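Okay, so here's the structure we're looking at.
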Amino acid sequence: MKISSDFDSGNILVQDASNPHKVLLAMRKDLNSDHFQWFHFRVDGLTPGARHDFSITNAGQSAYSHAWTGYNAAASYDQQTWFRVPSRFENGALSFGLEPEPEHEQIWFAYFEPYSRERHASLIAKALALPGVELQASGRSIEGRDIELLRVHRHASATRKVWIIAQQHPGEHMAEWFMEGIIRRLGDSADSELDALLQQADLYLVPNMNPDGAFRGHLRTNAAGQDLNRAWQSASTERSPEVLFVQQAMREIGVDLFLDIHGDEEIPHVFTAGCEGNPGFTPRLEALESEFRQRLVDSGAEFQTRFGYPRSAPGKANLNLACNAVGEEFDCLSFTLEMPFKDHDDTPNPQTGWNGERSMKLAADMLGVIGQMVDRLR
Ligand code: ZN
């Protein structure tokens, strides 16, 4: 049996693979950072009919140690269909295993259904082939990977600017699945609800903010060890060119609505965090936030408002976060959207947990709500 992670978003260290009934593994830290939580590895040479068990021994020391209770690892025989394997967290280790289906000699395991760089390239190509979609600009990561900013402009009447960025935290692969859901809906030429939105607004989309971190199998940071979602007051060419690129484009273009797409390790629900702690938070923004959330619930989307982060006290927001920084600077409706690594427990699916397809569906539902509210953003 051979275990490898030398590929896009791979991350695992093999401690002892001599016994297939108890393979001991560990997660690698992000480069230049102590964060770790993401894992993704391939196992070759499975023994038909035998049970294989894996134990990630440093799970208890990861960035979010409460993440593992109630969590089940994702697995796939073909990197297309991902399913969950029952997992348990005991004595600081995350353990899972299975008896592989006999026709398969290899299997992949990951913290979440991975969104590959290859799929990213194909997504950008697909988007650019759609009517009214162009490459507005392209930024560069520290290691020289492209950060595409797509503009969706279909009607001269459109005056509002809706921004959606994703995967500042590179291990949060559900975020780019969400962006694929946006682009998938843009491909439906008979979608009158979408067309009504685009009569009033252009979309500005950054499907992947942190390609270096994603490729390296990081959880939280870029190649410099910088958490991009803590850099919005201090973005620099040296440590966070990814943020600087988007901030400069926002200042040129303007922002009327901002969504920053993330995944949460611990909370098994989809939720949003808003700008209630911003110094510039007003009753207008508060009403827009409540209406957005309520409309999303009413739309039947996989979303809820009971569970989430504690609300910030007035004036106490951390303005290093994208959501708060953009909401404050542009006086606009601004949210962090969090999707779970576990499941959305309001409508659980034990076979898949939260996954790529559900992230895409949520994105389509969210475009509907943006369309309902676009005429009142200002
Ligand atoms: Zn995040």
Would you check if Gly368 is of a type outside the set (Lys, Arg) and not in a helix (DSSP H, G or I)?
no
Index of the failed condition, Asp227 passing every other in (1) open to solvent by 10 Å² or more (accessible area, probe 1.4 Å); (2) free of Cβ contacts under 8 Å to residues at least 24 places away in the same chain; (3) within 16 Å of the ligand (Cβ to nearest atom)
(2)
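Would it be correct to say that Glu266 is open to solvent by less than 50 Å² (accessible area, probe 1.4 Å) and of a type in the set (Asp, Glu)? First the steps, then the outcome.
Working: open to solvent by less than 50 Å² (accessible area, probe 1.4 Å): no; of a type in the set (Asp, Glu): yes.
No.
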Provide a single number: the residues in the stretch 246-265 that are within 16 Å of the ligand (Cβ to nearest atom) and aliphatic (A, V, I, L, M).
3
Does Ser236 satisfy being buried (at least 21 other Cβ atoms within 10 Å of the Cβ), assigned by TED's automatic domain parsing to the domain that holds Val326 and hydroxyl-bearing (Ser, Thr, Tyr)?
no
If you go through the stretch 75-85 one residue at a time, do you hit one that is within 20 Å of the chain's Cα centre (by Cα) and among the β-branched types (Val, Ile, Thr)?
yes
Of Arg220, Arg184, the only residue that is of a type in the set (Lys, Arg), in the same structural domain as Cys323 (by TED's automatic domain parsing), closer than 17 Å to Tyr115 by Cβ and within 16 Å of the ligand (Cβ to nearest atom) is Arg220
Find the residue count for the stretch 73-122, including only residues that are assigned to a strand (DSSP E or B), within 23 Å of His344 (Cα to Cα) and among the β-branched types (Val, Ile, Thr).
1
In the stretch 334-365, what count of residues is obtained for those that are within 16 Å of the ligand (Cβ to nearest atom), open to solvent by less than 10 Å² (accessible area, probe 1.4 Å) and assigned to a loop (DSSP other than H, G, I, E, B)?
2
Among what's in the stretch 308-333 and is within 15 Å of the ligand (Cβ to nearest atom) and of a type outside the set (A, V, I, L, M), pick the residue that is surrounded by the most Cβ atoms within 10 Å (Cβ to Cβ).
Asn324
Does at least one position in the stretch 108-127 carry a residue that is in contact with a strand residue (DSSP E or B) (Cβ under 7 Å, 6 or more places away or on another chain) and open to solvent by 30 Å² or more (accessible area, probe 1.4 Å)?
no
Let me confirm something: among Ala137, Ala156, Ala166, Ala129, which residue is within 16 Å of the ligand (Cβ to nearest atom), at pLDDT 95 or above and over 30 Å from Val23 (Cβ atoms)?
Ala166
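The values are calculated or read from the model by the stated rules, or taken from the named source; none is laboratory data. Just so we're clear, the structure is a prediction, and the values are computed from it rather than from any experiment. Because the Cβ atoms are built from the backbone with ideal geometry, glycine has one as well, and the counts that use them run over all protein chains shown. When the accessible area is computed, the model is the full protein with side chains, heavy atoms only, and any ligands, DNA or RNA have been set aside. Shrake-Rupley method; radii C 1.70, N 1.55, O 1.52, S 1.80 Å.
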